[in-house]
1. Can you list the cysteines of the chain that have no other Cys Cβ under 4.7 Å away?
2. Hand me the tally of lysine pairs in the chain: alpha carbons under 24 angstrom apart, and the pair either on different chains or 8 or more positions apart.
3. Modelled label-to-label distance, residue 61 and residue 134, 7 Å Cα→beta-carbon offset: nm?
4. If I model a spin label at residue 104 and residue 187 as a point 7 Å from the Cα along the Cα→Cβ vector, what separation in nanometres do I get?
5. Go ahead and run the numbers for FRET between residue 74 and residue 126, Cβ-Cβ distance against an R0 of 45 Å, rounding to 0.05.
6. If I ignore ligands, DNA and RNA and count only protein heavy atoms, how much of residue 113 is accessible to a 1.4 Å probe, in Å² to the nearest 10?
7. Relative contact order for the chain: what is it in percent, counting Cα pairs under 8 Å that are at least 6 residues apart?
8. Just from its helices, what would the mean residue ellipticity at 222 nm be for the chain, if runs of 4 or more DSSP H residues each count -39500 (n - 2.57) and the sum is divided by every residue, rounded to the nearest 500 deg cm²/dmol?
Amino acid sequence: MIYLNGEFMPIEQARIPVLDRGFIFGDGVYEVIPVYSRHPFRLAEHLRRLQSSLDSIKLANPHNDATWTRLIGRLIELNEPEDQSLYMHVTRGPAKRDHAFPKDVTPTVFLMSNPLTTPPRQQVNEGVCAITAVDNRWLRCDIKAIALLPNVLLRQEAVEAGCVEAVLLREGFMTEGAASNIFVVCNDVLLAPPKNHLMLPGITYDVVLELAQAAGIRHEVREISEAELRGAQEVWLTSSTREVLAITLLDDAPVGNGKPGPMFSRMYALYQDYKNRVMRSG
Ligand code: PDD
(Lines give C-alpha, C1' and ligand atoms only; values in the text may rest on other atoms or scores of the structure.)
Protein backbone atom coordinates (compact mmCIF):
# COMPACT_ATOMS: atom_id res chain seq x y z
CA MET A 1 0.00 0.00 0.00
CA ILE A 2 1.12 3.50 -0.76
CA TYR A 3 -0.17 7.02 -0.03
CA LEU A 4 -0.74 9.47 -2.86
CA ASN A 5 -2.33 12.91 -2.51
CA GLY A 6 -4.79 12.11 0.26
CA GLU A 7 -5.49 8.44 -0.44
CA PHE A 8 -4.05 5.09 0.57
CA MET A 9 -4.12 2.54 -2.26
CA PRO A 10 -2.25 -0.43 -3.73
CA ILE A 11 0.78 0.83 -5.67
CA GLU A 12 -0.60 -0.62 -8.93
CA GLN A 13 -3.49 1.85 -8.75
CA ALA A 14 -1.31 4.92 -8.18
CA ARG A 15 -1.24 7.40 -11.09
CA ILE A 16 0.45 10.77 -11.48
CA PRO A 17 0.00 13.24 -14.36
CA VAL A 18 2.83 13.22 -16.90
CA LEU A 19 3.25 16.98 -16.44
CA ASP A 20 4.16 16.56 -12.77
CA ARG A 21 7.26 18.71 -12.24
CA GLY A 22 8.88 15.83 -10.44
CA PHE A 23 8.68 13.83 -13.68
CA ILE A 24 9.54 16.73 -16.01
CA PHE A 25 12.21 18.59 -14.00
CA GLY A 26 13.07 16.44 -10.97
CA ASP A 27 11.55 19.38 -9.07
CA GLY A 28 11.02 17.85 -5.65
CA VAL A 29 12.59 16.48 -2.49
CA TYR A 30 12.46 13.19 -0.58
CA GLU A 31 13.31 11.34 2.59
CA VAL A 32 14.05 7.71 3.43
CA ILE A 33 13.20 6.70 6.99
CA PRO A 34 14.08 3.29 8.43
CA VAL A 35 11.25 1.68 10.42
CA TYR A 36 12.23 -0.92 13.02
CA SER A 37 9.53 -3.04 14.68
CA ARG A 38 6.99 -0.57 13.22
CA HIS A 39 8.67 2.47 14.85
CA PRO A 40 10.04 5.13 12.49
CA PHE A 41 13.65 5.80 13.54
CA ARG A 42 14.53 9.45 14.24
CA LEU A 43 11.27 10.68 12.72
CA ALA A 44 11.56 14.21 14.12
CA GLU A 45 15.02 14.58 12.55
CA HIS A 46 13.81 13.28 9.17
CA LEU A 47 10.87 15.70 9.23
CA ARG A 48 13.23 18.54 10.13
CA ARG A 49 15.50 17.68 7.19
CA LEU A 50 12.46 17.44 4.89
CA GLN A 51 11.47 20.95 6.01
CA SER A 52 14.96 22.19 5.31
CA SER A 53 14.98 20.62 1.81
CA LEU A 54 11.54 22.14 1.09
CA ASP A 55 12.71 25.56 2.31
CA SER A 56 15.77 25.31 0.06
CA ILE A 57 13.62 24.72 -3.03
CA LYS A 58 11.05 27.31 -1.91
CA LEU A 59 8.20 24.82 -1.72
CA ALA A 60 5.72 25.21 1.14
CA ASN A 61 5.46 22.13 3.33
CA PRO A 62 2.09 20.55 2.41
CA HIS A 63 1.67 19.11 5.94
CA ASN A 64 2.60 19.90 9.50
CA ASP A 65 4.59 17.38 11.55
CA ALA A 66 1.47 16.00 13.24
CA THR A 67 -0.12 15.21 9.87
CA TRP A 68 3.09 13.66 8.51
CA THR A 69 3.36 11.54 11.64
CA ARG A 70 -0.24 10.36 11.26
CA LEU A 71 0.19 9.52 7.55
CA ILE A 72 3.44 7.68 8.17
CA GLY A 73 1.94 5.76 11.10
CA ARG A 74 -1.03 4.67 8.98
CA LEU A 75 1.20 3.58 6.07
CA ILE A 76 3.34 1.50 8.42
CA GLU A 77 0.16 -0.18 9.73
CA LEU A 78 -1.07 -0.93 6.21
CA ASN A 79 2.13 -2.73 5.23
CA GLU A 80 3.15 -6.13 6.50
CA PRO A 81 6.85 -6.07 7.35
CA GLU A 82 7.86 -5.19 10.89
CA ASP A 83 10.95 -3.44 9.50
CA GLN A 84 10.28 -1.08 6.61
CA SER A 85 12.05 1.49 4.52
CA LEU A 86 9.68 4.41 4.28
CA TYR A 87 10.03 6.70 1.28
CA MET A 88 8.53 10.23 1.34
CA HIS A 89 8.40 12.36 -1.79
CA VAL A 90 7.06 15.85 -2.40
CA THR A 91 7.13 17.52 -5.81
CA ARG A 92 5.98 20.96 -6.92
CA GLY A 93 3.08 19.22 -8.67
CA PRO A 94 1.61 19.12 -12.19
CA ALA A 95 1.74 22.26 -14.36
CA LYS A 96 2.33 23.32 -17.96
CA ARG A 97 6.04 22.90 -18.66
CA ASP A 98 7.89 26.10 -17.82
CA HIS A 99 11.06 26.29 -15.75
CA ALA A 100 9.85 29.09 -13.47
CA PHE A 101 7.52 28.14 -10.62
CA PRO A 102 3.88 27.85 -11.71
CA LYS A 103 1.18 29.71 -9.80
CA ASP A 104 -1.64 27.88 -7.97
CA VAL A 105 -0.19 24.42 -8.24
CA THR A 106 -0.88 21.65 -5.74
CA PRO A 107 2.21 19.71 -4.64
CA THR A 108 2.27 15.96 -5.19
CA VAL A 109 2.74 13.97 -1.98
CA PHE A 110 3.74 10.34 -2.30
CA LEU A 111 4.69 7.87 0.43
CA MET A 112 5.66 4.23 -0.06
CA SER A 113 6.99 1.47 2.09
CA ASN A 114 9.41 -1.28 1.12
CA PRO A 115 10.73 -4.08 3.30
CA LEU A 116 13.86 -2.82 5.08
CA THR A 117 16.79 -5.01 4.15
CA THR A 118 19.75 -4.11 6.34
CA PRO A 119 23.17 -5.42 5.19
CA PRO A 120 23.64 -9.18 5.44
CA ARG A 121 25.82 -10.53 8.26
CA GLN A 122 28.62 -11.34 5.81
CA GLN A 123 28.91 -7.67 4.73
CA VAL A 124 28.99 -6.57 8.36
CA ASN A 125 31.68 -9.13 9.25
CA GLU A 126 33.85 -8.77 6.17
CA GLY A 127 33.20 -5.23 5.01
CA VAL A 128 32.41 -4.07 1.50
CA CYS A 129 34.28 -2.82 -1.56
CA ALA A 130 34.11 0.77 -2.84
CA ILE A 131 35.65 2.82 -5.61
CA THR A 132 36.55 6.50 -5.53
CA ALA A 133 35.08 8.86 -8.11
CA VAL A 134 35.15 12.55 -8.89
CA ASP A 135 32.25 14.32 -7.20
CA ASN A 136 30.69 15.90 -10.27
CA ARG A 137 27.40 16.92 -8.60
CA TRP A 138 26.07 20.44 -8.10
CA LEU A 139 26.89 22.70 -5.15
CA ARG A 140 23.67 22.08 -3.18
CA CYS A 141 24.25 18.48 -2.10
CA ASP A 142 22.74 19.41 1.28
CA ILE A 143 19.27 19.34 -0.34
CA LYS A 144 17.74 15.87 -0.48
CA ALA A 145 16.57 16.47 -4.04
CA ILE A 146 14.84 13.77 -6.10
CA ALA A 147 17.02 14.79 -9.08
CA LEU A 148 19.61 12.08 -8.51
CA LEU A 149 21.10 11.46 -11.95
CA PRO A 150 24.73 12.14 -10.90
CA ASN A 151 24.29 9.88 -7.83
CA VAL A 152 22.71 7.20 -10.03
CA LEU A 153 25.63 7.30 -12.48
CA LEU A 154 28.21 7.25 -9.69
CA ARG A 155 26.57 4.33 -7.90
CA GLN A 156 26.30 2.46 -11.21
CA GLU A 157 30.03 2.98 -11.77
CA ALA A 158 30.65 1.33 -8.39
CA VAL A 159 28.33 -1.58 -9.19
CA GLU A 160 30.01 -2.14 -12.56
CA ALA A 161 33.33 -2.36 -10.68
CA GLY A 162 31.81 -5.07 -8.45
CA CYS A 163 31.53 -2.63 -5.52
CA VAL A 164 28.71 -1.29 -3.37
CA GLU A 165 29.55 2.41 -3.21
CA ALA A 166 31.47 5.27 -4.82
CA VAL A 167 33.37 7.48 -2.36
CA LEU A 168 33.38 10.98 -3.80
CA LEU A 169 36.32 13.36 -4.01
CA ARG A 170 36.06 17.05 -4.77
CA GLU A 171 39.19 19.16 -5.21
CA GLY A 172 41.33 16.84 -3.13
CA PHE A 173 38.81 16.33 -0.32
CA MET A 174 36.36 13.56 0.46
CA THR A 175 32.71 14.66 0.49
CA GLU A 176 30.44 11.61 0.91
CA GLY A 177 29.26 8.48 -0.91
CA ALA A 178 26.87 8.33 -3.88
CA ALA A 179 24.08 7.49 -1.39
CA SER A 180 25.82 7.48 2.01
CA ASN A 181 28.04 9.50 4.31
CA ILE A 182 31.66 8.45 4.83
CA PHE A 183 33.76 8.36 8.00
CA VAL A 184 37.46 7.52 8.25
CA VAL A 185 39.75 6.57 11.13
CA CYS A 186 43.25 8.09 11.04
CA ASN A 187 45.74 7.88 13.94
CA ASP A 188 43.00 6.26 16.04
CA VAL A 189 40.78 9.32 15.63
CA LEU A 190 37.36 9.05 13.99
CA LEU A 191 37.05 11.76 11.33
CA ALA A 192 33.86 13.06 9.72
CA PRO A 193 33.63 15.77 7.06
CA PRO A 194 31.82 18.94 8.17
CA LYS A 195 28.20 19.45 7.19
CA ASN A 196 28.04 21.99 4.40
CA HIS A 197 26.62 22.43 0.91
CA LEU A 198 28.84 19.62 -0.44
CA MET A 199 27.14 16.75 1.40
CA LEU A 200 23.81 15.57 2.69
CA PRO A 201 23.50 16.06 6.46
CA GLY A 202 22.87 12.38 7.19
CA ILE A 203 20.62 11.29 10.02
CA THR A 204 22.82 8.21 10.55
CA TYR A 205 25.90 10.49 10.45
CA ASP A 206 24.46 12.41 13.42
CA VAL A 207 23.71 9.19 15.32
CA VAL A 208 27.28 7.94 14.80
CA LEU A 209 28.79 11.22 16.04
CA GLU A 210 26.47 11.27 19.06
CA LEU A 211 27.39 7.68 19.91
CA ALA A 212 31.11 8.47 19.50
CA GLN A 213 30.73 11.45 21.83
CA ALA A 214 28.80 9.45 24.45
CA ALA A 215 31.27 6.54 24.34
CA GLY A 216 34.32 8.80 24.61
CA ILE A 217 35.64 7.79 21.17
CA ARG A 218 38.10 10.41 19.96
CA HIS A 219 36.58 12.15 16.98
CA GLU A 220 36.94 15.29 14.90
CA VAL A 221 34.66 16.95 12.38
CA ARG A 222 36.89 18.47 9.73
CA GLU A 223 37.82 18.26 6.08
CA ILE A 224 39.35 14.93 5.07
CA SER A 225 41.98 14.94 2.33
CA GLU A 226 42.27 12.30 -0.37
CA ALA A 227 45.62 11.26 1.15
CA GLU A 228 43.97 10.70 4.55
CA LEU A 229 41.22 8.66 2.93
CA ARG A 230 43.74 6.47 1.09
CA GLY A 231 45.95 6.05 4.14
CA ALA A 232 43.11 5.52 6.63
CA GLN A 233 43.10 2.72 9.19
CA GLU A 234 39.35 2.35 8.69
CA VAL A 235 36.71 3.72 6.31
CA TRP A 236 32.97 3.39 7.01
CA LEU A 237 29.82 4.29 5.16
CA THR A 238 26.57 5.21 6.89
CA SER A 239 22.99 5.51 5.70
CA SER A 240 19.45 4.88 6.86
CA THR A 241 19.23 1.59 4.98
CA ARG A 242 22.84 0.38 5.36
CA GLU A 243 23.33 1.62 8.94
CA VAL A 244 27.12 1.46 9.48
CA LEU A 245 29.30 -0.66 7.20
CA ALA A 246 33.08 -0.96 6.94
CA ILE A 247 34.67 -0.36 3.55
CA THR A 248 37.57 -2.82 3.50
CA LEU A 249 38.64 -2.51 -0.13
CA LEU A 250 38.98 0.90 -1.78
CA ASP A 251 40.02 1.09 -5.44
CA ASP A 252 41.31 -2.49 -5.12
CA ALA A 253 43.60 -1.59 -2.20
CA PRO A 254 42.90 -2.99 1.28
CA VAL A 255 41.83 -0.43 3.89
CA GLY A 256 44.06 -1.02 6.95
CA ASN A 257 44.54 -4.77 7.17
CA GLY A 258 41.59 -5.37 4.84
CA LYS A 259 39.20 -6.34 7.64
CA PRO A 260 36.65 -4.22 9.53
CA GLY A 261 38.65 -2.46 12.23
CA PRO A 262 38.19 -2.37 16.00
CA MET A 263 36.58 1.07 16.01
CA PHE A 264 34.04 -0.12 13.46
CA SER A 265 33.18 -3.18 15.56
CA ARG A 266 32.67 -0.92 18.55
CA MET A 267 30.50 1.56 16.64
CA TYR A 268 28.47 -1.22 15.03
CA ALA A 269 27.66 -2.65 18.47
CA LEU A 270 26.87 0.81 19.87
CA TYR A 271 24.57 1.50 16.92
CA GLN A 272 22.66 -1.79 17.26
CA ASP A 273 22.35 -1.28 21.00
CA TYR A 274 21.11 2.30 20.58
CA LYS A 275 18.59 1.21 17.94
CA ASN A 276 17.22 -1.55 20.17
CA ARG A 277 16.98 0.81 23.15
CA VAL A 278 15.12 3.46 21.14
CA MET A 279 12.77 0.88 19.67
CA ARG A 280 11.99 -0.66 23.06
CA SER A 281 11.12 2.73 24.49
CA GLY A 282 8.82 3.37 21.47
N1 PDD B 1 20.32 8.05 0.91
N2 PDD B 1 24.35 11.10 1.35
C3 PDD B 1 23.55 10.82 0.29
C4 PDD B 1 23.87 11.41 -1.04
C5 PDD B 1 22.43 9.98 0.47
O6 PDD B 1 21.62 9.72 -0.58
C7 PDD B 1 22.18 9.42 1.75
C8 PDD B 1 21.01 8.52 2.01
C9 PDD B 1 23.04 9.73 2.81
C10 PDD B 1 22.83 9.21 4.21
O11 PDD B 1 21.79 9.90 4.86
P12 PDD B 1 20.89 9.19 5.98
O13 PDD B 1 21.83 8.69 7.03
O14 PDD B 1 20.01 10.26 6.46
O15 PDD B 1 20.18 8.04 5.31
C16 PDD B 1 24.11 10.59 2.57
C17 PDD B 1 19.08 7.32 1.08
C18 PDD B 1 19.15 6.17 2.02
C19 PDD B 1 18.54 6.95 -0.30
O20 PDD B 1 18.61 7.82 -1.15
O21 PDD B 1 18.02 5.85 -0.49
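The values are calculated or read from the model by the stated rules, or taken from the named source; none is laboratory data. Predicted model only: the values in this text are computed from it and were never measured. Glycine also receives a Cβ, built like all others from the backbone with ideal geometry; neighbour counts cover every protein chain displayed. Only protein heavy atoms, including side chains, enter the accessible area calculation; ligands, DNA and RNA are left aside. Shrake-Rupley method; radii C 1.70, N 1.55, O 1.52, S 1.80 Å.
1. Cys with no partner Cβ under 4.7 Å: 141, 186.
2. So the count works out to 8.
3. Roughly 3.9 nm, to one decimal.
4. So the label points at residue 104 and residue 187 sit 6.4 nm apart.
5. Details: r = 39 Å, r/R0 = 0.87.
For residue 74 and residue 126, the calculated efficiency is 0.70.
6. Using a 1.4 Å probe on the heavy atoms, I get roughly 20 Å².
7. 18
8. -9500 deg cm²/dmol
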